[in-house]
Every structure is written in structure tokens, then in C-alpha cells.
Amino acid sequence: MEVTRFAPSPNGPLHLGHAFSAVVGHDLAASRGGRFLLRIEDIDGARSKPGLAKDFRKDLAWLGLAFDEVPMQSSRLAHYAAAADRLRARGLLYPCGCTRAEIEARAIRHGPEGAVYPGTCRLSPPPPGRPLAWRIDMAKAVAQAGPLAWKDEIAGTIPADPMAAGDVVLVRKDAPASYHLAATLDDAADGVTLVTRGADLFAATHVHRLLQALLGLPVPRWHHHALLADASGRKLAKSRGSAALAERRLAGEDGRALVNALRQGRFPAGIRLAST
Ligand code: GLU
């Protein structure tokens, strides 16, 4: 049975781009007789406001998108820590005390997630007394896992290239997992067969595919959908104040009509599908 998901982070209200993503995930499951899951990623982001989860559920109900909710990330911390321990025991993680500013200043290249970590703490241990994150030794991990590929329903078969992301953080300073580790473990635990999400997370999949290989997790397929963009071509973002779904809901707008319009590619004025 096909299992898709919508995995918002409660660090700001949902906007139209989220509605579109939820419609894609919901409809792919519905058209295949499958299940559509809601997972609240409440450790993905330091500014997480778990109270927003209630609004997210109301927003989806208002849109007429039926879902099954799976456990929030904050209830799975021990599971993440155990997976990190396994990777640590294989010598694949190392502690890093670098600050964002230090990484920016020393970075030699930039990847999909910004400055690629220059390996400072892999080459010499972090100075004592600093809060520590744990990073993956990517070259070593890739050598252990061997060549990998993953399948996207839209983009086809993609050779995995996790080296492009560099030594990403798997255990954050303030949480027992980063987005990469938590989301990969969750998709496996939730029985997700088709990871539905925006094309902005396409590059992250290279890392997720590697983690699946290292941790012996089942390998789903992916469906990275195009993003909604505003008139200037920028993707809709909470930070740029795209109208919240909750505002529309409370203003009495018809959520089901909005979903039908999104399904037909009829977007509100000034909004279109980004070309990526
Ligand atoms: N929590 C992520 C976000 O809100 C999405 C993660 C995912 O779909 O894999 O951007």
C-alpha cells in the first residue's frame, strides 16, 4: 500500500505552499488507495512552537484533506539517539564545536544547504567547553556504503551524491538528531513508501539515501513536487509573510474550494508554480 506524508515544522504558520504540498501528498495516496500521514517535525528548527500543531491539524481538516497522524518527533528522541549511537560506534560521527560564523569564515565551497563544513573538527578535536554537534564523516560513510541511487517519480533514477553536502550535522547541539537523521528514521518507522515533499528538499535526499544504507532502513521512492512562487519568482515562505492558512480559515474562506483550485493549477493572483 502506498504511504505518503506531509511533515511540517511548527516554526511558523502553514501557508499556501504547504497547502499545495499537502494536496500533492494526499492525492497521490488517495489515487492509489493508500494512506496519507501527518507528522509534526517539532525538533526541526530551534524556533519550534509545538502549539502550532493544533492549527496544522485544523488547517488540513479545513482543506478537506483526511490524514492519519503519526507521533511527533519530540516523542522519538530515544530512537534517534540509538541510531546515532550505532553510527558513532562505527566511527562515522565526530564531535564539532564550530559556530556558524566560524564555518562561514572557513568554508571553501557552498552546497545546497549553504556553507559546506570545511572539516575543521575532523582534522583536530574541538576546543574544550564548547557545546558539541556530531557530524558524519562523509567520505568514510560513502566508502562504507558504496555506490547508491534513488528513484524520484518525476526526476527518474538519480545516482546518490551525498559528498556534495559534505560532513552534515546528524546530532544537533540542542537536539539528539538533525532534520536529516530524524526525517529518515521517521519515514522508515512510519512505513512511508513515497516521500512527498517540495523540490527545495531534493538535495537532502542524497544524504537520506546514504543514511538508509548505513542504518539498514527500507528505501522508499520520492516525489519532489515543484514549489509555489510569488510574483518575483521567489518560493513562498513563512519568513516573507505569505498569508497563513489559519488566517484564511478564520476569515471564513472555503478551504475545499481552495484545494480544488490548487488541484486544477488555478493559483491565487501573483502565485505560480516555480520552474525548478
Ligand atoms: N519539516 C520540513 C519542513 O517543514 C519538511 C521535511 C520533509 O518533508 O522531509 O520544511
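Ranked by the mean number of other Cβ atoms within 10 Å per residue, highest first, peptides 226-233, 126-133, 115-122 order as 115-122, 226-233, 126-133.
Out of all DSSP beta bridges in the stretch 133-276, what portion is antiparallel? Express it as a percent rounded to 5. Of those bridges, close to 60 percent are antiparallel.
Multiplying the residue separation of LYS49 and LEU273 by 0.36 nm and removing their Cα-Cα distance gives an extension gain of 77.8 nm.
Taking every DSSP beta bridge that has both residues in the chain, what percent is antiparallel when rounded to the nearest 5? Mind showing how you got there, number by number?
On the way: 16 of 28 bridges.
So the antiparallel bridges amount to about 55 percent of the total.
For the chain, the carbon plus sulfur part of the accessible surface works out to 57%, probe radius 1.4 Å. In whole angstrom, the stretch 138-228 maps to an equivalent ellipsoid with semi-axes of 19, 16, 13, each derived as √(5λ) from the alpha carbon gyration tensor and ordered largest first. Using the Stokes-Einstein relation with a Kirkwood hydrodynamic radius computed over Cα pairs, the translational diffusion coefficient of the stretch 168-217 at 25 °C and a viscosity of 0.890 mPa s comes to 215 µm²/s. For the chain, the relative contact order works out to 23 percent when only alpha carbon pairs closer than 8 Å and six or more residues apart are counted.
Find the eigenvalues of the gyration tensor of the Cα atoms of the stretch 136-190, then list the square roots of 5 times those eigenvalues as equivalent ellipsoid semi-axes, largest first, in whole angstrom.
So the three semi-axes of the stretch 136-190 are 21, 17, 10 Å.
Residues of the stretch 133-159 falling in the label zone of ILE108, defined by backbone nitrogen less than 17 Å from a point 7 Å along Cα to beta-carbon, are 137-140.
Within the chain, the selection of entire DSSP H helices by a Cα span of 20 Å or greater along the long axis and an average Kyte-Doolittle value of at least -0.5 returns 16-31. Residue-normalised convex hull volume from the C-alpha trace of the stretch 201-266: 153 Å³ per residue.
The stretch 249-273 and the stretch 137-170 have Cα centres spaced 36 Å apart. Stretching ALA82 away from LEU123 to a fully extended chain increases their span by 12.2 nm, per 0.36 nm per residue minus the current alpha-carbon distance. Per residue, the solvent-accessible area of the chain (1.4 Å probe, heavy atoms of protein chains only, all protein chains present) comes to 45 Å². Each principal axis of the Cα cloud of the stretch 4-107 was taken in turn, and the coordinate range along them, longest first, works out to 46, 30, 25 Å.
With the simple model of a label 7 Å out from the Cα in the direction of the Cβ, ALA237 to ALA203 spans 1.3 nm.
For the stretch 90-146, the equivalent ellipsoid derived from the alpha-carbon gyration tensor has semi-axes of 19, 16, 8 Å in decreasing order. Given the stretch 86-243, report the % of alpha carbon pairs whose separation exceeds 19 Å. Distances greater than 19 Å cover 59 percent of the Cα pairs. Each principal axis of the Cα atoms in the chain has its own extent, and those three values, largest first, are 58, 38, 35 angstrom.
Amide H to amide H, with H built 1.01 Å from N, LEU37 comes under 5 Å of THR4, ARG5, PHE6, ASP68, counting only residues 5 or more places away or on other chains.
The values are calculated or read from the model by the stated rules, or taken from the named source; none is laboratory data. Because the structure is a prediction, the values reported are computed rather than measured. Cβ coordinates were reconstructed from backbone atoms using ideal geometry, including for glycine residues, and neighbour counts include every protein chain displayed. What goes into the accessible areas is simple: the full protein's heavy atoms, side chains included, and nothing from ligands, DNA or RNA. Shrake-Rupley method; radii C 1.70, N 1.55, O 1.52, S 1.80 Å.
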